[in-house]
Amino acid sequence: MKLNRFWVGIVVVLLAGLAFTKIADNEFYFYAIYAVLQLMVMGIAWNILGGFTGYVNFGAGGFFAAGAYTTVFLHKALDGPPLLVAVVVAPIVCGLIGLGIGYLTLRLKGVYFAIATLAVAIILETLVINWEYVGGAGGYYFLIPEKIPFFDSYIEWLFTVILVITLFAIVVSRYLNSSRIGQGLAAIRDDELAAECMGVPTLKLKLISTTVMGALMGMAGAPFPYFITFVEPVSTFSLLIAVNAIAVPMIGGTMTWLGPVVGAIVLGSIQEIVTVSISSELNMLIVGVVLVGFITLAPQGITGVYRDFRDKRRRRK
Amino acid sequence: MFELFVNAVVAGVLLGGFYAAVALGLSIVFGRLDIVNIAHPAFVIIGSYVAFIMNERYMLDPILSSLIFLPVFFLLGVGMYRLYYVCFERTGQESLSGLAYFFGIMFIIEVLLILYYGVDYRNVQAPYIGETLFLGFLGLPYRMLVPFITAAILTGLVYLYLSKTFLGRAILAVSQDRLALQLMGANPVRVKQWAFGIGIATAAVAGALLIIIQPIEPSVGRLYIGRVFAIVILGGMGSISGTFFAALIIGIAESLVATFIGPSWAPAVAFGLLLVTLAVRPQGLFGRAG
């Protein structure tokens, strides 16, 4: 019953999104929703490793940028291939990066993994800055195709792509959350040593988790150059991206797949409103303050608070 | 070629000494207390801005003003630890939420500095900045030499404090066996609070040294995250002398890379060394095996 409701929900959202591209004519909506959905994919990706498995990743910006720069590389090497090629290749590249870091550091305590992800982000940034082929420190201008079949403008097509990516990420995250793998990941999060003793293949599961996280981050980054049309290392590797990716699940709740979805809608909406009405610097401050506020006051996030509230009311009845 | 090499190594040693000052506080906090304070470099940047403001308004020497502000930074550290303890350590959530907490703090500090002072590079005035001491073909700029000497003195003082005084030994004890310390009638939370305060206080001095060495802007601190963690881990987690030598190694490596390959590659050196260390010898160069 629940499964059906989930899949019906996915299809309804997809159809509603497609219908939206035909109805709405103000392009601002597409840009705004694109930003929120991108945030959602990154939050979901971060949560697979951070929330389900309990390993903190500070290098979200690095994975995201690796996805974006895979697109840039393909764009230059293959002379402008379709966007979908990048959406398929970027997750493979970023998944492999995730797997590599996992192999290097996941046998150690979680703290070392967290620091290593930060290290990888900086190393990737240094590589890109020194790599003239993809534009180096100066950046790379991205010419988007004028015409695209079935859609009135390119942003509508990008909007559809990110919508499908988001739904895909939700499906993957929900599967990992509720399947046997998810139970294993939760066991690692709660007590890794005990899990290992009970025969949970911890290293294998952690590697799966890291790889999926990397791949989804890369997927979120793949359409980014088309969206922003000018890619340069400093803003693509921005710390704001990493903070956002952590803030989304922390606000929404880290225990279930639903948490980052709720978190992205809340945080993304606040950000869009603040950026438009006040300023983008203040927007960054708000992300930081909201993040720290949630971690200290409500570590279980919005979905967790709601669940506690519901349980309490049920008990009273 | 030989002269260039020797100059690069000497510059690396001077740079490394300064790195030791930045890593010192983290060596206590991360190495001894097991608190992953990623925001440490952000506190160093606050130290730099304090030195900048005092220098601009009252023409105060940056190192002198950092010494005046030591108690303020100490109290700041105590406050930070109290919040951390109440929210995370007591409830056993330090691994996930605690990390994100310091990450958030770092981000907030950076954004606040940008909001108040913008992203312009700031520097300080002092008589020794700009002068160079020549020993044969060896050039020792005072803006590197002064921080090196200050950092060496600071490291020595912290080393003596931790190994000779009662409280210093208590800090060592809390990192080795918390329960035993409790049984001896000492309060581990208060000892940790004290140690965290000292850790942040060293950031005040490190910040002053940083702004003597180079002009700074709010996001400079981020580059130091990799450096300081690489140094602390390479130095064997909490060993003060190990931290100092590891800092020299990182400084020399960066200086050589900057001289012979190109300055734009230098930031990757520390992080690369860190990754290699984590993969090959996670207990660090100077740590005990196992």
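Of the conditions (1) closer than 24 Å to B:Ala173 by Cα; (2) of a type in the set (A, V, I, L, M, F, W, C); (3) in contact (Cβ under 8 Å) with a residue 12 or more places away in the chain, B:Met106 satisfies every one except a single condition; which number is it?
(1)
Would you confirm whether or not the range B:250-267 contains a residue that is at pLDDT 90 or above and within 16 Å of the chain's Cα centre (by Cα)?
Among the residues of the range B:250-267, at least one is at pLDDT 90 or above and within 16 Å of the chain's Cα centre (by Cα), which makes the answer yes.
Of all the residues that make up the range B:23-63, how many are in a helix (DSSP H, G or I), over 17 Å from B:Lys192 (Cα atoms) and not aromatic (Phe, Trp, Tyr)?
Qualifying residue count, the range B:23-63: 17.
For the range B:166-216, give me each residue that is hydrophobic (A, V, I, L, M, F, W, C), in contact with a Phe, Trp or Tyr (Cβ under 9 Å, 6 or more places away or on another chain) and not in a helix (DSSP H, G or I).
B:Ile216
Go through the range A:57-87 and give me each residue that's assigned to a helix (DSSP H, G or I) and either within 14 Å of chain B (Cβ to nearest Cβ) or over 14 Å from A:Ala220 (Cβ atoms) (or both). Full working, then the answer.
Quick first cut of the range A:57-87, residues assigned to a helix (DSSP H, G or I) only: A:60-77, A:83-87.
A:Ala60, A:Gly61, A:Gly62, A:Val72, A:Phe73, A:Leu74, A:His75, A:Lys76, A:Ala77, A:Leu84, A:Val85, listed by residue number.
Looking at the range B:92-148 only, could you name the residues that are within 12 Å of another protein chain (Cβ to nearest Cβ) and on the phi > 0 side of the Ramachandran plot?
Matches in the range B:92-148: B:Gly92, B:Gly118.
Tally up the residues in the range A:179-205 that are in contact (Cβ under 8 Å) with a residue 12 or more places away in the chain and closer than 30 Å to A:Val36 by Cβ, please.
5
Of the conditions (1) closer than 26 Å to B:Leu112 by Cα; (2) part of a helix (DSSP H, G or I), A:Pro299 satisfies every one except a single condition; which number is it?
Against the list (1) closer than 26 Å to B:Leu112 by Cα; (2) part of a helix (DSSP H, G or I), A:Pro299 comes up short only on (2).
Report, by residue number, each residue of the range B:141-170 that is surrounded by fewer than 15 Cβ atoms within 10 Å (Cβ to Cβ) and of a type in the set (S, T, N, Q).
Scanning the range B:141-170 gives B:Ser163, B:Thr165.
Only one of B:Leu75, B:Leu64 is free of Cβ contacts under 8 Å to residues at least 24 places away in the same chain and surrounded by fewer than 19 Cβ atoms within 10 Å (Cβ to Cβ). Can you tell me which?
B:Leu64
I need the full set of residues from the range A:236-268 which are away from every other protein chain (no Cβ under 12 Å) and closer than 29 Å to A:Gly139 by Cα, in order please.
Within the range A:236-268, the first condition is being away from every other protein chain (no Cβ under 12 Å), and the residues that meet it are A:236, A:252-253, A:256-268.
If the condition is that a residue be away from every other protein chain (no Cβ under 12 Å) and closer than 29 Å to A:Gly139 by Cα, then A:Thr236, A:Ala264, A:Leu267, A:Gly268 are the ones that fit.
From (1) in contact (Cβ under 8 Å) with a residue 60 or more places away in the chain; (2) more than 14 Å from every other protein chain (Cβ to nearest Cβ); (3) crowded, with 18+ Cβ neighbours inside 10 Å, pick out the condition that doesn't hold for B:Met54.
Failing condition for B:Met54: (1).
Mind listing just one residue for me: the one in the range B:234-275 that is aromatic (Phe, Trp, Tyr) and farther than 30 Å from B:Ala195 by Cβ and, of those, farthest from the other protein chains (Cβ to nearest Cβ)?
Per the stated criteria, the residue is B:Phe260.
I need the full set of residues from the range A:123-135 which are more than 9 Å from chain B (Cβ to nearest Cβ) and over 20 Å from A:Gly98 (Cβ atoms), in order please.
Across the range A:123-135, the qualifying residues are A:Trp131, A:Glu132, A:Tyr133, A:Val134, A:Gly135.
For residues that are within 18 Å of A:Gly293 (Cβ to Cβ) and surrounded by fewer than 18 Cβ atoms within 10 Å (Cβ to Cβ), scanning just the range B:90-111, find the one that is modelled with the highest pLDDT.
Residue satisfying both the conditions and the ranking: B:Thr91.
Take the conditions out of contact with any His (no Cβ under 9 Å at 6 or more places or on another chain), β-branched (Val, Ile, Thr), in a helix (DSSP H, G or I) and within 26 Å of B:Gln176 (Cα to Cα) and apply them to B:Val78. Does it pass?
On the way: out of contact with any His (no Cβ under 9 Å at 6 or more places or on another chain): yes; β-branched (Val, Ile, Thr): yes; in a helix (DSSP H, G or I): yes; within 26 Å of B:Gln176 (Cα to Cα): yes.
Judged against the criteria, B:Val78 is a match.
For the list (1) closer than 30 Å to A:Ile181 by Cα; (2) touching a Pro at 6+ places or on another chain (Cβ under 6 Å); (3) more than 14 Å from chain B (Cβ to nearest Cβ), I need the number of the one condition that A:Tyr306 fails.
(2)
Just for the range B:171-199: of the residues that are of a type in the set (A, V, I, L, M) and modelled with pLDDT of 90 or more, which one is surrounded by the most Cβ atoms within 10 Å (Cβ to Cβ)?
Start the filter on the range B:171-199 by keeping residues that are of a type in the set (A, V, I, L, M), which leaves B:171-174, B:179-181, B:183-184, B:186, B:189, B:191, B:195, B:198.
Narrowing the set further to residues that are modelled with pLDDT of 90 or more leaves B:195, B:198.
Numbers: B:Ala195: 27, B:Ile198: 23.
Looking at the filtered set, the residue picked out is B:Ala195.
Take the residues in the range A:215-253 that are aromatic (Phe, Trp, Tyr) and not in a helix (DSSP H, G or I), then tell me which one is surrounded by the most Cβ atoms within 10 Å (Cβ to Cβ).
The extreme case among them is A:Phe237.
Being part of a helix (DSSP H, G or I) and more than 7 Å from every other protein chain (Cβ to nearest Cβ) is the filter here; which residues of the range A:105-122 pass it? Give the derivation first.
Here is the first cut: in the range A:105-122, the residues part of a helix (DSSP H, G or I) are A:105, A:110-122.
Of everything in the range A:105-122, those that are part of a helix (DSSP H, G or I) and more than 7 Å from every other protein chain (Cβ to nearest Cβ) turn out to be A:Phe113, A:Thr117, A:Val120, A:Ala121.
The values are calculated or read from the model by the stated rules, or taken from the named source; none is laboratory data. Here the structure is a predicted model, which means the values were calculated and not measured. With ideal geometry, Cβ positions are generated from the backbone for all residues, glycine too; neighbour counts draw on all protein chains shown.
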